[in-house]
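First comes the structure, then the notes that go with it.
Throughout, read-outs are computed from the coordinates displayed, never taken from laboratory work. Only a predicted model underlies this, so the values are computations on that prediction, with no experimental measurement involved. When we count neighbours, we look across all protein chains shown, and the Cβ atoms used for this are built from the backbone with ideal geometry, even at glycine.
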Amino acid sequence: MNLALGAFILTLLFLPAISFRLAVNRLENLKGLLSALSITDSIWVFTVVPIFIHIIILLCFCLFNVTVKFDLILNIIYSNSRFTLNNAILGPDIIKFLGYNLLAIFLGGVLGFMINKLEMRWKLVSRLFGLGNEWYEAFEGDILNISGEQSNVSNIDLVYLDVLANTKEASILYSGILVKYYYKPKSTELDYIVLQRAVKRDLRKEFRSDKPHVEAGKASFYDQHTGDSMPVKGDYLIIPMKEVLNINITYLYFDIPEDAIDQLAE
């Protein structure tokens, strides 16, 4: 019984790392970067984060003279066979300990939220782990920083993509507003992109047989006005990257209220 309780409490002690990871995953770039971490780096995150949070909590407890009977908890963790369980005493102390862990889990989420903000502003995590993601930089407009146009990044209202995709029948040019993109599991390689208000243009080779200069048979050629743009039915278009040949990105800026921009995107 003590052994099971010890394993359970050890799990509680490391829960802040899980809430931290869940909060960090809200930022797509960090989610992709952290998924690509090595086992060593992942262990480092799951060890350092809980230790840091527990140190902060213990310092605050000492400051406000709040006590938790850690000697009682340690006896359970170490599965001390000579330690006798007394429900009358153990109950209130376990409640305090669980409250301590709930606070640690909450702070893990808060720390993850703060890391997201620091990453968005200063690329803190990317620099710490020596990571980079060219897709995030391109789709979020951070690539403009490379050319010194830092003032324009925060003013981007919409990202419009022209995606040249290769299908079995033809090459298709898809155009639309970028709303989401997904990475492959445990990788920074792009898997899918999601477009809204998409249109498509068929770039297949035109096939004609009525050309006057053709002596016999049929002639195939590219029409200079190949394909008309047609709206894609549905709310969202999902394009797998395995079919994509290249992507053209256009950053759109509007001098209109934010609610009007949301209506335009819809």
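3J(HN,Hα) along segment 160-175, derived from phi through the Karplus expression 6.51 cos²θ - 1.76 cosθ + 1.60 where θ = phi - 60°, amounts to 10, 10, 10, 10, 8, 10, 9, 10, 5, 8, 6, 8, 10, 9, 9, 10 Hz, with x in place of Gly and Pro.
Of the cross-linked pairs Lys168/Lys242; Lys200/Lys242; Lys200/Lys233; Lys31/Lys168, those separated by over 22 Å at the C-alpha level are Lys31/Lys168.
Summing Lys and Arg as +1 and Asp and Glu as -1 over all other residues whose Cβ lies under 14 Å from the Cβ of Leu111 gives a net charge of +2. Summing Lys and Arg as +1 and Asp and Glu as -1 over all other residues whose Cβ lies under 9 Å from the Cβ of Lys69 gives a net charge of -1. Each residue of segment 108-114 is assigned a 3J(HN,Hα), and the resulting list reads x, x, 5, 4, x, 5, 5 Hz, derived from the Karplus form 6.51 cos²θ - 1.76 cosθ + 1.60 (θ = phi - 60°), x at Gly and Pro.
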